[in-house]
Amino acid sequence: TIILLVIGMALILILEANKGLASYNWFDKIVQAFFCSVTPRTAGFNTLDFAIFSPATVMFIIILMWIGASPGSTGGGIKTTSLALAFLNARSLGKNQEKIIFKKRSIGNSSIQKAFVIIVFSLLTIFIGTILVCAFDPHLGFMNIMFEVFSAFGTVGLTLGITPSLSLASKIVIITEMFIGRMQFIILFLAIIRKAKQRLIKYPEIDVNL
């Protein structure tokens, strides 16, 4: 969380110091940059019009909305722990380790698998939602639509100003994204997929070329 806050504030300050934050003094620029780094992952409250930000800043805010808050909070997104497990898994693969070791603790495979499911299916859901809204309202612009869908999935509430212009079909897509993002995929899977029967047969392992 601290890393995301610091990096977010620094990048927004660098990218928007002479653009979206040009009218503020340096103290206010730092405060606004910090606030813009916090709210995309939690409250979704904004004191600035994000539509005036550069595309690079908007893309970074989209990433923050996708990551979201930490487990146990009311924030949405894939959660900071899922992102952390993804990085730790990549590091363990780079070191050719069979287990993910962090602070003298090994992380179970079930946690890694859940994080993988959340990350993959969140992106799949968001991309499908973006494609549908682009099909229903192509005149709203790709960047605006992508921001809207990511915000809906993360239940953030931020927008670049296109929400009132969405068609009925697009509104249904946005509502669905909000519902799925709020429920989380693990809960949906537990509710839909039946528990697998215990197998008495062990199949041979294979390696897949990636």
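The values are calculated or read from the model by the stated rules, or taken from the named source; none is laboratory data. In this text the structure is predicted, and so the values were computed from the model without any measurement. Cβ coordinates were reconstructed from backbone atoms using ideal geometry, including for glycine residues, and neighbour counts include every protein chain displayed. In case anyone asks, the SASA skips ligands and DNA or RNA and just uses the protein heavy atoms, side chains included. Shrake-Rupley method; radii C 1.70, N 1.55, O 1.52, S 1.80 Å.
Within the range 129-140, take every residue that is farther than 14 Å from Ile175 by Cβ and surrounded by fewer than 19 Cβ atoms within 10 Å (Cβ to Cβ) and give me the one that is farthest from the chain's Cα centre (by Cα). Lay out the reasoning, then the answer.
Residues of the range 129-140 farther than 14 Å from Ile175 by Cβ: 130-131, 134-135, 137-140.
Going one step further and asking which of them are surrounded by fewer than 19 Cβ atoms within 10 Å (Cβ to Cβ), we end up with 131, 134-135, 138-139.
On the way: Ile131: 17, Cys134: 20, Ala135: 23, Pro138: 23, His139: 25 Å.
Checking each candidate, the answer is His139.
When the criteria are applied in full, Thr155 meets the requirement of being at pLDDT 85 or above, in contact with a Lys or Arg (Cβ under 9 Å, 6 or more places away or on another chain) and open to solvent by 30 Å² or more (accessible area, probe 1.4 Å). Inside the range 2-58, residues that are open to solvent by 60 Å² or more (accessible area, probe 1.4 Å), closer than 17 Å to Gly161 by Cβ and modelled with pLDDT of 90 or more make up a count of 1. When we screen Phe150, Phe121, Phe127 for residues that are assigned to a helix (DSSP H, G or I), modelled with pLDDT under 90 and not acidic (Asp, Glu), the only hit is Phe121.
Checking Ser70, Ser92, Ser106 one by one, the residue that is over 16 Å from the mean Cα position of the chain (by Cα) and open to solvent by 30 Å² or more (accessible area, probe 1.4 Å) is Ser106 and no other. Of all residues in the range 113-128, those satisfying the criterion of being of a type outside the set (Phe, Trp, Tyr) and surrounded by fewer than 17 Cβ atoms within 10 Å (Cβ to Cβ) are Gln113, Val117, Val120, Leu123, Leu124, Ile128.
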